[in-house]
Amino acid sequence: MKRMGIGNGVRGVVAAAVVAGLLPIAMVTEGGGLGGGVAVAAESPDAVQAKFEAFAAEWMEKLRERERFNAKNVKWRPAGGGVEGLYVGYDTANYRLLPLSNVETMPIGKIVYLELKLRLAGGSEDDAR
């Protein structure tokens, strides 16, 4: 089995996410609506960061699942006396979290990871896998 990046197959991807559940609670009031209740304290920046790190770990697992799906569903084509198939994978071991922005209002987190174009090749589909 040959699993390799091809040509310009490696590129950086920045996934920006307004992380669900990270909107500071201070923007909402307890007791019903705007001005009708007591304001609740916002989460600390450390708590927001911890939630984003958990979100990022879940996102990396989703990328691993997607890569497994892509590898299982390769479209094979004849090549050089055998077959080859191309699919998209991800480097989920080497990712980076950029500093959160807008922590006090609407936190936005960015994850930087590599998206890879991968190639499987062999004498047959079984050999290539």
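The values are calculated or read from the model by the stated rules, or taken from the named source; none is laboratory data. This one's a predicted model, so the numbers in the text were calculated from it and none came from an experiment. Reconstructed Cβ throughout: ideal geometry from the backbone, glycine too, with neighbour counts over all protein chains shown.
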*Considering each residue of region 100-114, count those that are surrounded by fewer than 16 Cβ atoms within 10 Å (Cβ to Cβ) and of a type outside the set (Ser, Thr, Tyr), and give that number.*
4
*Among the residues of region 37-49, is there at least one that is surrounded by fewer than 16 Cβ atoms within 10 Å (Cβ to Cβ), modelled with pLDDT under 95 and farther than 19 Å from residue 106 by Cα?*
yes
*asked:* I'd like to check something: does region 60-75 contain any residue that is out of contact with any Leu (no Cβ under 7 Å at 6 or more places or on another chain), assigned to a loop (DSSP other than H, G, I, E, B), closer than 30 Å to residue 123 by Cβ and at pLDDT below 95?
replied: yes
*Taking residue 88 as the residue in question, decide whether it is surrounded by 13 or more Cβ atoms within 10 Å (Cβ to Cβ), in contact with a Phe, Trp or Tyr (Cβ under 6 Å, 6 or more places away or on another chain) and at pLDDT 90 or above.*
no
